[in-house]
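Since the structure comes first, as structure tokens, the remarks are kept for the end.
The values are calculated or read from the model by the stated rules, or taken from the named source; none is laboratory data. Since the model is a prediction, treat every value here as computed from it, not as a measurement. As a convention, Cβ positions derive from the backbone with ideal geometry for all residues, glycine included, and neighbour counts pool all protein chains shown. These area figures cover heavy atoms from the full protein model, side chains too; ligands, DNA and RNA do not enter into them. Shrake-Rupley method; radii C 1.70, N 1.55, O 1.52, S 1.80 Å.
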Amino acid sequence: MSRGEELVRWLEKELGGNFISAEATIPGRLFIDLKREALSAAAAGLMNRGARYQVGVGYDARKSGQGFGLVHTFAFDKDSLLVALRTFAPGDDPEFDSLTPLIPGAGWSEREYQDLLGLKFRDHPNPRRLVLSDDWPEGIYPLRREVPHDLMPPAAEEVAFRLDEAPPGTSIVPFGPFHASLHEPAHFSVYVDGEDIKGCEYRGFMTHRGIEKLAQTELTYNDVPFVAERICGICGSVHSVNYAQAVEAAAGLRIPRRAEFIRMVALELERLHSHLLWLGVAGHLIGFDTVFMQAWRIREKIMWLAERLTGNRKTYGMVIIGGVRRDINQDRSEDIRAVLKEVEREMLALEKAILKDRTIHRRTRGVGYLSREEAVKWNLIGPVARARGVDIDARRDHPYAAYDEVQFEVPLADSGDVWGTLVVRVKEVYEAIKIINQCLDKLEKLPKNQPLAVDLEGPIPSGRQGLSLVEAPRGEAVHYVLTGEDNRPERWRVRAPTYPNLQAVPSMLLNNKLADFPIIVGSIDPCISCTDRVLVVERSSGKAKLLSRQELENLSRGKRSKK
Amino acid sequence: MWLWNKIKQLAISFRAGVVTLRYPFEPRPAPEGFRGQPVWDHTKCIGCAGCASHCPARTIFLRDICQEVRILLYDSSRCTYCGRCADLCPEKAITMSDKFELATDNRQDITQSLELFMMTCQRCGRCYDLEIKNYIDRLSSLGYRYDSLEARKVIRRSTADFSPEELEKTVTYERPGRLEK
Ligand code: SF4
Ligand code: SF4
């Protein structure tokens, strides 16, 4: 009996009349409908059976008389299974049990729907605003159907962040909303005792663009990949591929083999340049600019390669629903091989020169430590999790495109600190090169001049669910699509990898030195824009800054006297 | 050990040398297949609005300013250079050029607009293009207008089997005038 059948049988028995239905749309996906009374029992059961929480999705289904829908998705990494639990609450009483006391990683998802849909969560430990700014008028929930996508309520004047009081014995050092060590707007108010960080409060979502709302009111299915690509300035293809996969899964579409491999090449090229970019930024944050210069120099070759292959350095524009737009022919494939060989050689030289350098060791070892248990508790993903010995990688655990046909390793480290993340990301560069070369081998053997995309036969039926994972350079990205009418999704939810990783930053910061703040936050490679699903903000960076105790005190005193 | 690492790093940096390009003092042409600013060919466009309805940025507008004239306006300031319009144009009227140096203080510099002269289909009342060069269409460019119901004797058919000789004949063909009451 497979894992999925076992779960369904158990849920049926355990929940009795509260269990409504279960549907396995494609292998590895299980969509379960429940009554809302049974939600926390079912979630607890899944967690006890070793599930990893992914994301919550709320949507407005009042038009079809179902009230508000809430979907929580869980991954069983060992069994290649994703489970989505869906419940509904009537429109006039949108209250659900909060899963946060059980699963801390669900906290943000629930707060998000509290803000955007006006859902209520019973027993949420921290039911404050997350997405909406403090001056957004009460009672307007932007994701509800009746609210237009371009609504702009007038801004209130002089509304400051409502932040917590600092714990006794500590002072606050504000980082943000704009700060030299953050590449994008976010606000961390860090509690320090002397040089030691004792806690931190985060406010983000300052660049929320409302892309999901746009997709369900204005765009059509095939417009979305191009907009999805602009969710992130680094891993654009991740989002467009992911969205397309979710729609294809919902529509039951099988894309051509050639297209699968071409998508993989695009994704792995993106991983290469993202890892090199991060390596450079990390070097810069710890004041080691040789790494910054040389990593970015190597990266530039990949950017130019991508420009030749796809027509642009970034935002490749390769993906449409049903396939890809450009082919990789023999000439291009030789071009890729040549560039990759060069990159691999240069990367090896750079690795040899820097990985034993004392500067890096001193600034990264033991910094931002989080134990394996904590990492699992916070549902960390990607290199940040793999640096803490959590062996997950969506490419291997939930193979999509044709990842089950290529061989690669998933590098792990167990130091649990920034150093581990660095090692994992450097090793992944070589794995990515390996994968691309295998894809090219396969592409060369496949018949040429085949169509690169399949057409839809008629409109996509509404009300179907699709769930897709893509392992982005920073960790797994999740897209959930519920198909709708008028040739557009009813609901499209994007969960970028930074979304869970950022929730764990306060724990990583604990008891570290203030001077290490930039590299710890930088170590998860936070993509605030993806998380907020917001405007792509240019990367500009600043040095790690050491504040003397005196300066720190002045800073915090200055802040207090203003209040 | 420390020194050895630094020497290695120095070697890497020296071997790489200066990689900064002299751009913009030296031109840097875009590679083949680059997706730059889309450019419209007004002689090919038939005003079907295919590009406008598929542009993800919704930055192409088509408006009929009167029965005969349709305006296509492309505003580059919002364009994402995805190339969807060029892919979908049935007449291949759009090419993705290699233009990328588009910064300007005047929005007009990056805006393109086409005036498309349209005809009205007498059967469905919708517009279609007048300048397009198939033979049946030329027939109507010669000035014939269906002014009255009775005159609608000529029903347009497919152009597929229209031979050049027959076209010759149509040039000298005397069209029916207005029917007298
Ligand atoms: S390139 Fe893309 S965004 Fe620009 S006009 Fe064409 S379809 Fe629209
Ligand atoms: S450019 Fe092409 S797609 Fe756009 S209106 Fe003209 S013919 Fe149609």
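Points to keep in mind about this one:
- Among the strands (runs of 3 or more DSSP E) confined to the range B:7-86, the ones with at least 3 residues that are open to solvent by 50 Å² or more (accessible area, probe 1.4 Å) and away from chain A (no Cβ under 14 Å) are located at B:60-64.
- Residue match in the range B:103-121 (condition: within 16 Å of ligand 1 (Cβ to nearest atom), within 14 Å of chain A (Cβ to nearest Cβ) and in a strand (DSSP E or B)): no
- Just one of (1) away from ligand 2 (no atom under 14 Å from the Cβ); (2) closer than 17 Å to residue B:119 by Cβ fails for residue B:30. It is (2).
- Looking only at the range B:87-98, and only at residues there that are within 12 Å of ligand 1 (Cβ to nearest atom) and open to solvent by 20 Å² or more (accessible area, probe 1.4 Å), the one that is nearest to residue B:43 (Cα to Cα): B:95
- Pairs with Cβ under 6 Å, 6+ apart, first in the range A:122-147 and farther than 19 Å from residue A:495 by Cβ, second surrounded by fewer than 17 Cβ atoms within 10 Å (Cβ to Cβ) and of a type in the set (Lys, Arg): A:134/A:162
- Residue in the range B:113-135 that is within 16 Å of ligand 2 (Cβ to nearest atom), in contact with a Leu (Cβ under 9 Å, 6 or more places away or on another chain), modelled with pLDDT of 85 or more and closer than 30 Å to residue B:25 by Cα present: no
- Where residue A:361 falls short, out of the listed (1) open to solvent by 30 Å² or more (accessible area, probe 1.4 Å); (2) within 28 Å of residue A:479 (Cβ to Cβ): (2)
- Test: residue in the range A:330-339 that is within 14 Å of another protein chain (Cβ to nearest Cβ) and over 28 Å from residue A:256 (Cα atoms): no
- Contact map, the range B:85-103: residues that are closer than 9 Å to residue B:39 by Cβ paired with residues that are in a helix (DSSP H, G or I) and within 14 Å of ligand 1 (Cβ to nearest atom), Cβ distance under 6 Å, separation 6+ or inter-chain. Pairs shown: B:94/B:85; B:94/B:86; B:96/B:86.
- Boolean, residue A:307 is within 11 Å of another protein chain (Cβ to nearest Cβ), out of contact with any Phe, Trp or Tyr (no Cβ under 8 Å at 6 or more places or on another chain), charged (D, E, K, R) and under 16 Å from residue A:234 (Cα atoms): no
- For residue A:350, the requirement of being facing another protein chain (nearest Cβ under 9 Å), touching a helix residue (DSSP H, G or I) at 6+ places or on another chain (Cβ under 8 Å), surrounded by 22 or more Cβ atoms within 10 Å (Cβ to Cβ) and touching a residue at least 12 places away in the same chain (Cβ under 8 Å) is met.
- Filter result for residue B:93 (within 16 Å of ligand 2 (Cβ to nearest atom), closer than 23 Å to residue A:227 by Cβ and at pLDDT 75 or above): no
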